[in-house]
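A.B. asks: Input: one structure, supplied below.
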Amino acid sequence: QVQLVESGGGLVQAGGSLRLSCAASGRTFSNYVMGWFRQAPGKEREFVAAMSWIGSPTYYADSVKGRFTISNDDAKKTLYLQMNSLKPEDTAVYYCAADRSNWPSRNLADYDYWGQGTQVTVSS
């Protein structure tokens, strides 16, 4: 059974940075793709970034392109989301997700496994 545990959220001022981590366990993830999604209060969960566990390709939402970077450490079985130049509109609960596939998807319905989420709050 795949388990995903996010960490690294918190309160940060606009323009600041945070790095989210997602510890993955229960499988060898070489045949998986990983994604980050977020959900702001009163809004639907939306795609942020995705990558194949082996490294490429990577995809980003237009709203975060150039500011966020998705990466992983295979030895630590950990997925990361480096978030720079944060804006108040980035405030949301951020979720890590996994899907047994060879091609990253932007569609949350394609992901079978989800973490519990970590709160990111960006103050203006």
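The values are calculated or read from the model by the stated rules, or taken from the named source; none is laboratory data. Here the structure is a predicted model, which means the values were calculated and not measured. When we count neighbours, we look across all protein chains shown, and the Cβ atoms used for this are built from the backbone with ideal geometry, even at glycine. The protein model used for the area step is the full one, side chains on, heavy atoms only, and it has no ligands, DNA or RNA in it. Shrake-Rupley method; radii C 1.70, N 1.55, O 1.52, S 1.80 Å.
A.B. asks: Kindly provide the set of residues from region 102-124 that are surrounded by fewer than 18 Cβ atoms within 10 Å (Cβ to Cβ) and among the polar types (S, T, N, Q), ordered by number.
C.D. replies: Result: 102, 105, 107, 116, 119, 121, 123, 124.
A.B. asks: Counting just the residues of region 8-30 that are of a type outside the set (Ser, Thr, Tyr) and in a loop (DSSP other than H, G, I, E, B), which one comes out farthest from residue 54 (Cα to Cα)?
C.D. replies: Among those residues, the one meeting the criterion is 14.
A.B. asks: Select, from 33, 5, 64, the only residue that is part of a strand (DSSP E or B), within 13 Å of the chain's Cα centre (by Cα) and crowded, with 18+ Cβ neighbours inside 10 Å.
C.D. replies: 33
A.B. asks: Answer yes or no: is there a residue in region 61-75 that is touching a Lys or Arg at 6+ places or on another chain (Cβ under 7 Å) and touching a residue at least 40 places away in the same chain (Cβ under 8 Å).
C.D. replies: no
A.B. asks: Do you know which residues across region 94-110 are out of contact with any Ser or Thr (no Cβ under 7 Å at 6 or more places or on another chain) and either in a strand (DSSP E or B) or under 17 Å from residue 3 (Cβ atoms) (or both)?
C.D. replies: 95, 96, 97, 98, 100
A.B. asks: If I ask for residues that are open to solvent by less than 50 Å² (accessible area, probe 1.4 Å) and without any contact (Cβ under 8 Å) to a residue 24 or more places away in the chain, which ones from region 36-58 would you list?
C.D. replies: Residue satisfying the conditions is 55 alone.
A.B. asks: Show the residue pairs meeting these rules: Cβ distance below 7 Å; 6+ apart or different chains; first residue within region 10-35 and on the phi > 0 side of the Ramachandran plot; second residue open to solvent by less than 20 Å² (accessible area, probe 1.4 Å) and in a loop (DSSP other than H, G, I, E, B).
C.D. replies: From region 10-35, the pairs are 15/86; 26/2.
A.B. asks: The conditions are (1) in a loop (DSSP other than H, G, I, E, B); (2) modelled with pLDDT of 95 or more, and residue 41 fails exactly one of them. Which is it?
C.D. replies: (2)
A.B. asks: Out of the residues in region 72-101 meeting the condition of being hydroxyl-bearing (Ser, Thr, Tyr) and modelled with pLDDT of 95 or more, tell me which one is most open to solvent (accessible area, probe 1.4 Å).
C.D. replies: Restricting to residues being hydroxyl-bearing (Ser, Thr, Tyr) and modelled with pLDDT of 95 or more, the top hit is 85.
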